[in-house]
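I'd like to ask you about the structure that follows.
The values are calculated or read from the model by the stated rules, or taken from the named source; none is laboratory data. In this text, all values refer to a predicted model and were calculated from it rather than measured experimentally. Cβ atoms come from the backbone with ideal geometry, glycine included; neighbour counts cover every protein chain shown.
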Amino acid sequence: MFLENTVNPKEQFGWIEVICGSMFSGKTEELIRRLKRAKFAKQRVEIFKPAVDVRYDDEMVVSHDSNEIRSTPVPAAANIPILADGCDVVGIDEAQFFDDEIVRVCNDLANKGVRVIVAGLDMDFKGNPFGPMPYLMATAEYVTKVHAICTKTGNLAQYSYRKSKSDDLVLLGEVDEYEPLSRAAYYKSMLRDKVRKMNVNDAEEIDSKENMPDA
């Protein structure tokens, strides 16, 4: 379990904590837990999320377990510093959806003495590093990687497999669009999808040739 850093009143700098993992791994749940602990301690807390994330609520940060905390939706990372003025703790959910400016924003806040807690997907549905998350993880003092349970094997899952056919990088969704898979299950699923796509393309090519008019 993550334990909060001991605050040294002589140290004027804050720090960055990153909570990362796949879909359904409990990232937002852990973010909310840490932020509520800070609120109980009477610290000044502000929470932000990308305005694009309206899956559960326009303003609330809501976990898959329906745990929630009020937040401020922002269209871009550059909006955060002004709104976070005077805060002791800043929480940021779904950081992978923010622009690259989020890295500078988080580091500037930490350099001003703010504790910054960031949650986000570390990989997209293709298994590639997602947006600014790798840079946030590299500059953070603390990185916590949480795992879901693979729906195929029951092992720890770190991949977010997309069940729908959309190739859009950003696709907000829940269990209808995504499922958490282990490395083995994810590899097999992606290989199966690739073979299925090849078969469909071959069938379309054959059908196209059969329908071509004779010379």
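Quick check, is Ile102 at pLDDT 95 or above and not in a loop (DSSP other than H, G, I, E, B)?
The answer is yes for Ile102.
For the range 34-45, which residues satisfy the criterion of being farther than 17 Å from Asp85 by Cα and either touching a helix residue (DSSP H, G or I) at 6+ places or on another chain (Cβ under 6 Å) or without any contact (Cβ under 8 Å) to a residue 24 or more places away in the chain (or both)?
Matches in the range 34-45: Phe40, Ala41.
Do we have any residue at all in the range 84-98 that's more than 16 Å from Ile16 (Cα to Cα) and surrounded by fewer than 20 Cβ atoms within 10 Å (Cβ to Cβ)?
Within the range 84-98, one or more residues are more than 16 Å from Ile16 (Cα to Cα) and surrounded by fewer than 20 Cβ atoms within 10 Å (Cβ to Cβ).
Here's another thing I want to ask about it. Determine if the range 41-61 includes at least one residue that is β-branched (Val, Ile, Thr) and at pLDDT 90 or above.
yes
Of the residues Tyr135, Tyr142, which single one is modelled with pLDDT of 95 or more, within 28 Å of Phe40 (Cβ to Cβ) and among the aromatic types (Phe, Trp, Tyr)?
Of the residues listed, the single one that is modelled with pLDDT of 95 or more, within 28 Å of Phe40 (Cβ to Cβ) and among the aromatic types (Phe, Trp, Tyr) is Tyr142.
While we're on this one: Would you please list the contacts, defined by Cβ atoms under 8 Å and residues six or more apart or on different chains, that run from a residue in the range 1-22 that is under 15 Å from Cys106 (Cβ atoms) and loosely packed, with under 13 Cβ neighbours inside 10 Å to a residue that is at pLDDT below 95 and of a type in the set (S, T, N, Q)?
Sorted first by the residue in the range 1-22, then by its partner, the list stays empty.
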